[in-house]
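Worksheet for the structure shown next.
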Amino acid sequence: MSAINTSTEVILTGQVLRFDADPFVAGITAARHERQGAVRIARGKIAEVGIAETVLASHPQLPRVDYGDALILAGFVDSHVHYPQTGIIASWGKRLIDWLNSYTFPEEMRFGDKAYAAEIAERYLDLTLSHGTTTMASYCTIHPESVEALFEAATARGQRVVAGKTCMDRDTAPTGLRDSAQSAYDDSKALLERWHRRDRIGYAITPRFSPTSTPAQLEALGALWAEYPDVLMQTHLSEQVDEIEWVKSLYPSARDYLDTYEAYGLLREGGMFGHTIHLEQREKDRLKEVDAALVHCPTSNTFIGSGLFDMDGLSAAGYRIGLATDTGGGSSFSMLRTMASAYEVAQLRHRPLHPAELLWLATGGSARAMRLEDKVGNIAPGMEADLVVLNLASTPEITQRAARAEDIWEAIFPTIMMGDDRAIESVWINGQRRS
Ligand code: GUN
Ligand code: ZN
């Protein structure tokens, strides 16, 4: 694919939804809805957002794409995925450790083959595009080729992607899927020097999780992060009770699971911790103190049987919280399905999440978790023009329910709960229409 031309200037009209602030903090009125709105795009950025009549009148010469009653919002941001697990999504019957050993690790071994990695990277980006996801934070495999493949595919598509080489040097990971403390440091450093901030690419130092790393590897990656403080760091934390017990046996002197990262320089702002379900009070306090991000992966947490994320308690406490599919532990590539799952999980904890909160988590919330809130995840002048256009009447069952809606939230909620790729009317990436 050739480089993307971002010179287009165009006005999109339709319903427009954007956020003035985080609705968990500022309330639902932070969500701003324009029934007949417009977004003007210029050179890959959002130049203006407002009332259609006004925007059209002041730029009569520009081409217009009219989406009618469809809803224009920021493209979805998936803040924790494993693109190499695309081919093994929906694998039956295992909990975390057995699922990793039975399905994940054998598949990840294949990514030393650059051609295979490139094939899956393209497939993954095609699938996520069809679901309206424009940015993601992905784990790769231990192979640098797997990182190159994703970054090359994303760059050709003009897409903002964060990813990193997954590091595992402990004998808890299978032979053939292990690096070393030194090679993890060297390979991660070479990749981040080549890719970080190139076009729309960001690098995340990626120790898979403390059970598959030695203390020496975590220490080496902590040292690397200290050398490059503006890159991100992503890992897993407190996903399953059995996993936590395992961590305690592997790191007997650690105060808790988080301490296995903290002790080696892997806890500070810019850290993204996936799952964070069974946190102890000290862990919650430290994560808050350093302003690290928590990433909620609801379809994964139910599919692998991990537990119920405490969205109410953690959002009230003001954490940066992202929403994510965690494919292939998660059972869907769709952020609509993921929002529905987040709603159901929160209901089990007696906290019905508002549609505005769900949409925020899938856009601005995830962008904030990835420290990209000034670039993507919202519609505002100066932000990059990554947009999804939702058809709010994409199937007969959604249409008949939405027809009874008395406000915009009732009109959107059936699509959140029942929508799939048929609801994705159009996707714009970097100011270009991609579907
Ligand atoms: N913990 C360590 N690795 C993984 C992974 O690939 N998926 C999930 N869900 N949890 C993990
Ligand atoms: Zn994961």
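Each reported figure results from applying straightforward, stated rules to the coordinates on display, with no laboratory input. What you see is a predicted model, and the numbers here were worked out from it, not measured in a lab. Cβ coordinates were reconstructed from backbone atoms using ideal geometry, including for glycine residues, and neighbour counts include every protein chain displayed.
Beta bridges per DSSP, both residues in the chain: antiparallel share near 45 percent. Placing dummy labels 7 Å off each Cα toward the beta-carbon, the span from LYS114 to ARG95 is 4.2 nm. Rounded to the nearest 20 debye, the dipole magnitude of the chain is 560 debye, with +1 charges on Lys and Arg beta carbons, -1 on Asp and Glu beta carbons, and the Cα centre as origin.
The slack between GLU269 and ASP242, meaning 0.36 nm per residue of separation minus the straight C-alpha distance, is 7.0 nm.
The mean of 1/r over all pairs of different alpha-carbon atoms in the chain, once inverted, gives a Kirkwood hydrodynamic radius of 21.7 Å.
A simple rule links phi to the HN-Hα coupling: the Karplus curve 6.51 cos²θ - 1.76 cosθ + 1.60 with θ = phi - 60°, which for region 263-275 gives 4, 10, x, 10, 9, 5, 4, x, x, 10, 10, x, 5 Hz, with x for Gly and Pro. On the principal axes of its alpha carbon atoms, region 131-176 extends 38, 19, 14 Å, with the longest extent given first. If I fit a long axis through the Cα atoms of helix 335-348 and take the longest principal axis of the Cα atoms of the chain, what angle between them do I get, 0 to 90°, rounded to 10? Tilt of helix 335-348: around 70 degrees.
Here's how it looks for LEU323: its modeled amide H is under 5 Å from those of SER79, HIS296, SER366, which are all 5 or more places away or on a different chain. Computed from label points 7 Å out along Cα-Cβ, the spacing between LYS288 and ASP66 is 5.1 nm.
With a/c under 1.5 counting as rounded, go ahead and sort region 347-428 into rounded, prolate or oblate using the C-alpha gyration tensor (a ≥ b ≥ c being the square roots of the eigenvalues; past the cut-off, prolate if a/b is larger than b/c, else oblate). It is oblate, given that a/c is not under 1.5 and a/b is not larger than b/c.
Over the chain, Cα pairs under 8 Å with separation of 6+ residues give a relative contact order of 20 percent. Helix 215-227 and the longest principal axis of the C-alpha atoms of the chain enclose an angle of approximately 50°. Using θ = phi - 60° in the Karplus curve 6.51 cos²θ - 1.76 cosθ + 1.60, the 3J(HN,Hα) couplings for region 319-325 round to 5, 6, 10, x, 10, 8, 7 Hz; x is entered for Gly and Pro. Pairwise Cα separations in region 285-435 fall into 5 Å bins from 0 onward with the following percentages, short to long: 2, 9, 16, 20, 21, 17, 10, 4, 1, 0. Listed values for region 118-133 are Karplus-derived 3J(HN,Hα) couplings in whole Hz (6.51 cos²θ - 1.76 cosθ + 1.60, θ = phi - 60°), namely 5, 4, 6, 4, 5, 4, 4, 5, 5, 5, 5, 4, 5, 9, x, 8, and x replaces Gly and Pro.
Taking a straight Cα-Cα cut-off under 26 Å and skipping sequence neighbours fewer than 8 places away in the same chain, the lysines within cross-link reach of LYS45 are LYS375.
Remark: the THR395-HIS354 segment gains 12.5 nm on full extension, using 0.36 nm per residue and subtracting the alpha carbon distance.
Each Cα pair under 8 Å and six or more residues apart adds its separation to the average, and for region 167-275 the resulting relative contact order is 27 percent.
Once the Cα-Cα distance is subtracted from the 0.36 nm per residue extended length, the GLN281 to ALA403 segment shows a gain of 39.4 nm. Looking at region 286-350, the trypsin sites (Lys or Arg not before Pro) that sit in a DSSP loop and have at most 16 other Cβ atoms within 10 Å of their own Cβ are ARG349. In this structure, GLN36 and ASP126 have a Cβ-Cβ separation that, at R0 = 41 Å, corresponds to a calculated FRET efficiency of about 0.80.
Taking a straight line from the alpha carbon of LYS114, these lysines sit under 25 Å away, with near neighbours fewer than eight places off in the same chain left out: LYS165, LYS189.
Helix 241-250 and the long axis of the chain differ in direction by around 40°, with both axes built from C-alpha atoms.
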